[in-house]
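Written out below as structure tokens is the structure these notes cover.
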Amino acid sequence: MLKTIRLPALVAAACFAAATALAQLATPSPPATPPAVQAPAPAAPAPAPAIAAAAPAPAPAPAARKATEVVDNPYGLEALWRAGDAVAKGTLIILVIMSMGSWYIIVVKLFEQFKLGAQARAMNKSFWTAPSVKEGAAGLKEGSPFRFIAESGLEATSRHTGLLGHVDLNTWISMSIQRAIENVQSRLQDGLAFLATVGSTAPFVGLFGTVWGIYHALTAIGIAGQASIDRVAGPVGEALIMTAIGLAVAVPAVLGYNWLVRRNKVAMEHVRSFGADLHAVLLSAPQNNGAKA
């Protein structure tokens, strides 16, 4: 009985062992494929660095192209300054100085005109209500042209002695006030001559720079022996920039000159009106005003 039982058990064990062996034989074959598949898998990361390394390569290419374009571009102010000689650079510097001087004068003269308008309003409020010319002049601010004219009239009444006494008082006071008014007018016109000079000469200065640049450009092209459009356009375009700069300097100077002259005329109307009224006041009671002066 034991043998009968053991024999099937042995058979079952043998069958189990055979099945296990077959399973083991079958199992290695699938792993055999993974190793074959996994063998390239480790190699797959190797191209990845190559791709990763190659990926940045296109990035520098545009940068290199851009750098080449900037360096090889023959147009613009930078190329004009680098390629220009001492005469071209000196012409450009002169135009820059003209432009800076013009804008400085325009801003300063506008400030002076606004200041004169404020002083005229202050004079109308306080001067004519004062008890005397001297007190009215003292109530005006230092540096005011109206105070300067009033003090000139007072000085004329007090100095009407000696040889000056032979001059008619009306004529003497009128001459003194007129001189003061002309002094104020000359101060208002300071700098306008510079604007007129810049407006009339800046285009010709720019044209001189253009002619000089075209001359050198054509000389260089003749020496090179190539007159293609790409070699002519760059140097000639740079030279024409000088004309554009000259016009850009001249136009604001001319407009500013005309505008400031017109505003000066309006301001001088207030000054002349004040001078005429002061002349009448000084002639009406010269002794009293002179005594109080």
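The values are calculated or read from the model by the stated rules, or taken from the named source; none is laboratory data. Computed from a predicted model, the values in this text were never measured in an experiment. We place every Cβ from the backbone using ideal geometry, glycine too, and count neighbours over all the protein chains shown.
Assorted remarks:
- Across segment 245-276, the qualifying residues are those that are among the charged types (D, E, K, R) and touching a residue at least 24 places away in the same chain (Cβ under 8 Å), and the one among them that is surrounded by the most Cβ atoms within 10 Å (Cβ to Cβ) is 263.
- Screening residue 192 on (1) closer than 30 Å to residue 255 by Cα; (2) without any contact (Cβ under 8 Å) to a residue 60 or more places away in the chain; (3) surrounded by fewer than 21 Cβ atoms within 10 Å (Cβ to Cβ) shows it passes everything except condition (2).
- Candidates 187, 159, 147, 121: the one that is loosely packed, with under 15 Cβ neighbours inside 10 Å, more than 38 Å from the chain's Cα centre (by Cα), within 19 Å of residue 275 (Cβ to Cβ) and among the basic types (Lys, Arg) is 159.
- Only one of 217, 150, 193 that is assigned by TED's automatic domain parsing to the domain that holds residue 277 and farther than 30 Å from residue 95 by Cβ: 150
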